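Q: Questions regarding the structure given below will be posed in turn.
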Amino acid sequence: MSPIYSGTSSFINETLKRFGVEVTFVDVEKEKNFAEAVETEYQDIYFETIANPTMAVPDVLGTLKVAEKHKILTSSLSALTLILVFIVVVTVANYENWKRPKLQQLTTGSSLSPYDAALLTRGLKTLALRMKQLSENALEIAKFLESHLKVTCVYYPGLESHPQHKYAKEAMNKSSGMIVFEVGSAENAIKLVEPLK
């Protein structure tokens, strides 16, 4: 799937390809039927239920049906909906230099410290409550931005105006907390961002 989160893209293009994994990207924003664009010779399908940073949403349920029909493993990443069917763990040794192990750490998260693990465990206890409130707040902000005269476009799957709102509604009961919006030009964007602290 493309667009895709940059960390995932690095993992696919830098790490998996070194192990001989062949990857084909399907553009969820341009492909009219994302699910049908998936070919049968694939062994795994990876997609994000909401692409970062463009907020594009693939046909999640349709893709899972195609995968099930052709016995293809699927992996999906979502902050709100965990549809993780297949987990790949990659172990790598004997690198030529330090840059590759560093990239491996960054793209696979293979270096979580005990302190970070404890914080993650603690945070999971209230994750459902925080995500519910986060998505409700984001929807209100997205609606406000959509009605603002200086905002030219808002990309938020929870809005009916979003091109893939139908797919978001089918696969998720809430959208994310991330909103993307345009203000007409780079100059306007700089004027908006510079005074923020």
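The values are calculated or read from the model by the stated rules, or taken from the named source; none is laboratory data. As the structure is a computational prediction, the values presented were derived from the model and not from experiment. Here the Cβ positions follow ideal geometry from the backbone for every residue, glycine too, while neighbour counts run over all protein chains shown.
Q: Give just the number: which of (1) surrounded by fewer than 16 Cβ atoms within 10 Å (Cβ to Cβ); (2) closer than 29 Å to PHE181 by Cβ; (3) modelled with pLDDT of 75 or more does TYR46 not satisfy?
A: (1)
Q: When the residues of region 136-158 are filtered to those that are in contact with a helix residue (DSSP H, G or I) (Cβ under 8 Å, 6 or more places away or on another chain) and under 19 Å from GLY184 (Cβ atoms), which remaining residue is surrounded by the most Cβ atoms within 10 Å (Cβ to Cβ)?
A: In this case the residue turns out to be TYR156.
Q: I would also like to ask the following. So, in region 1-22, exactly how many residues are modelled with pLDDT of 75 or more and under 17 Å from the mean Cα position of the chain (by Cα)?
A: The number of residues fulfilling the criteria is 10.
Q: Related question: Do you know which residues across region 63-85 are within 19 Å of PRO3 (Cβ to Cβ) and modelled with pLDDT of 65 or more?
A: Answer for region 63-85, where residues must be within 19 Å of PRO3 (Cβ to Cβ) and modelled with pLDDT of 65 or more: just THR63.
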